[in-house]
Structures are given as structure tokens and as C-alpha cells.
Amino acid sequence: ETGVTQTPRHLVMGMTNKKSLKCEQHLGHNAMYWYKQSAKKPLELMFVYSLEERVENNSVPSRFSPECPNSSHLFLHLHTLQPEDSALYLCASSPGTGSSQPQHFGDGTRLSIL
Amino acid sequence: RKEVEQDPGPFNVPEGATVAFNCTYSNSASQSFFWYRQDCRKEPKLLMSVYSSGNEDGRFTAQLNRASQYISLLIRDSKLSDSATYLCVVSGGATNKLIFGTGTLLAVQP
């Protein structure tokens with residue numbers, strides 16, 4: 001019963017496909033995040049949005065394109081991905097961007113690039 | 001040096017055992033500290049925040065030593081359901097950037 005919902009749960013796509021990951025939070029939070037989790041690596045922060053404005057982009061390749069139409073929804077648009085992009089993509093939200101505020105995660109989308 | 005370092009484990013312990021995890025962080029300006037739990041193929045979930053004075057939540061006790069840049073988590077009376085990966089997380093800066101350790105795998109055995 002997570003307050004952060006991600007779809008789809010699993011996605012298999014070819015390198016030439018275009019797809020989008022969706023995240024929706026029902027917690028009334030103002031900040032949303034995209035993370036990437038690869039096997040045997042720590043979670044890597046990709047993007048941070050605060051009140052629909054992107055406030056951080058952690059040197060993510062342009063084949064990943066985030067979109068935040070409102071404070072409840074966050075998308076990650078994917079195009080021409082590489083095999084090394086296969087990973088678990090996690091969305092998170094927090095009340096604000098203050099450092100003492102823990103983040104709540106969605107179930108993640110497990111992405112496989114063929 | 002990694003920003004957050006943890007022993008990856010696995011820690012294999014019997015039910016009822018006491019187990020301790022350690023974590024070190026490199027940025028002395030870090031402001032907030034957390035332990036998250038992640039079950040296999042699931043999302044991370046906040047277990048507890050860590051305060052300078054130490055804090056306890058049931059069987060779980062967290063400690064922070066700012067001088068040594070060291071965080072610990074103690075689990076008493078381990079249950080089978082405690083089996084998971086425990087992530088040490090450090091935060092700081094204007095955008096609440098969380099820095100995750102790679103996690104410590106705990107397997108509690110009957």
C-alpha cells in the first residue's frame with residue numbers, strides 16, 4: 001500500500017524503442033526523484049524535482065528525459081537506450097527538499113534493454 | 001573512497017541473535033542520516049532516522065558518531081522477517097540528495 005505508485009512494474013524494450021515510465025504520489029509531497037539501481041551498486045540519484053521544477057540533474061545521458069507536469073506526477077521518457085541501462089528505476093517523493101526529510105519510494109520499474 | 005561505505009555481508013545469523021551493522025561516510029558536512037531496509041526485488045523503505053544522541057525503536061537501535069563519521073544499527077532478538085538488505089543513507093545539501101551505501105545483506109536462519 002505504497003503512497004508512491006510506479007507503472008509499469010516491468011518493461012522490456014529494444015534499443016530503438018521509445019517508452020515512458022510513470023510515477024504518481026498520493027502523499028501531498030512537493031518533491032519527487034528518479035533513482036537508478038543496478039546490481040551490486042548503490043542507488044544513483046538521477047533527477048530531482050521540487051514543485052514541478054527540476055532542481056538537480058546528476059549528469060544523466062540525454063536518452064533519459066524527465067517530465068513533471070504537476071507535483072503528483074513524474075515521468076521518465078526513454079529513447080535509444082543501451083544494454084547498460086537495464087536496471088531497477090525507482091521513483092521517490094518527500095514533503096520538501098530539506099535534508100532531514102526521508103523519502104518514500106515506489107515499487108520501481110524493472111527495465112531490461114535487449 | 002566511497003561516499004558511504006558498508007560491509008556488503010552477507011551476515012548469516014540464527015533467530016534470536018543480536019547483529020550489528022556499521023557504516024562510514026566521507027562528507028563531514030552531512031546533515032541527516034537514515035537506515036533503510038530493502039527486501040529482495042522490492043523498494044527501499046525507511047527503517048529509522050539516526051540522531052546524534054542515539055535512538056531506539058523496539059528491537060532496533062541506531063547510533064551516530066559525527067567525530068568518526070560512523071553510523072551503526074543494532075538488531076536484537078533477530079526474526080526471520082528481518083532478513084533483508086539494510087541501506088545506510090546520508091543526506092545533506094539544498095536538494096536533500098540522499099547518498100546510499102551498497103547495503104548489508106542480512107539472512108536470519110531458523
Contour excess over end-to-end distance, with Cα ends at residue A:112 and residue A:26 and 0.36 nm allotted per residue: 28.2 nm
Equivalent ellipsoid dimensions for chain A as semi-axes, Å, which come from the Cα gyration tensor, largest first: 22, 14, 13
Shape call, the stretch B:29-110: gyration tensor on alpha carbons, a/c limit 1.5: oblate
Cβ-isolated cysteines (cut-off 4.7 Å), chain A: A:68
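Within the set of other residues whose C-beta is less than 11 Å from the C-beta of residue A:34, count the net charge using Lys and Arg as +1 and Asp and Glu as -1.
-1
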Dipole moment magnitude, nearest 20 debye, the protein assembly as shown about Cα centre, only Lys, Arg, Asp, Glu C-beta charged: 400
Candidate aspartates and glutamates - alpha carbon under 12 Å from residue A:18, same-chain residues fewer than 8 apart omitted: none
Long-range amide H partners of residue B:11 with built H, under 5 Å: B:105, B:106, B:107
Candidate lysines for bridging to residue B:79, where Cα separation is under 22 Å - those fewer than 8 sequence places away on the same chain excluded: B:42, B:45
Within-14-Å neighbourhood charge of residue A:59 [Cβ basis; K, R +1; D, E -1]: +2
Cysteines not pairable in chain B (beta carbon separation under 4.7 Å absent): B:40
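Values in this text are rule-based calculations from the coordinates and carry no lab data. The structure presented is a predicted model; accordingly, all values stated were derived computationally and were not measured. All Cβ positions, even for glycine, are placed from backbone atoms using ideal geometry, and neighbour counts span all protein chains on display.
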